[in-house]
1. Work out how much length Glu15 to Arg47 would gain on full extension: take 0.36 nm times their residue separation and subtract the Cα-Cα distance, in nm to one decimal.
2. Can you report the principal axis dimensions of the stretch 1-43 using only the alpha carbons, biggest first, rounded to whole angstrom?
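Only the coordinates and a few stated rules stand behind these numbers; no lab work does. Treat the numbers as computed from the prediction; the structure is a model and nothing was measured.
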Amino acid sequence: MAKDSTLERLYDLAEGQDGYFTMPQALRAGIDRNAVVKAAHRGRVERISQGVYRFGRFPVLSERTHLWESVLVSKSTSANLLMWA
């Protein structure tokens, strides 16, 4: 998979969530875990917390930023717990 294609797919995934996405969402979209980690290491996405990432080019909407982070951190944590159950 081409790098640009991966970033476009991640961007499409995050677009409806003010730039946020979770690792489980990326995996369900067929995006490899290593591609997400590499994008974070290269500064293309920001790691917000374990399993939650954000594209920095989206404007920060303070009233919604905490909401997205709370919702997606909970979802990511729940998904991780289910994977180990």
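1. Full extension of this stretch gives 9.9 nm more.
2. Principal-axis extents of the stretch 1-43 (Cα, largest first): 22, 21, 16 Å.
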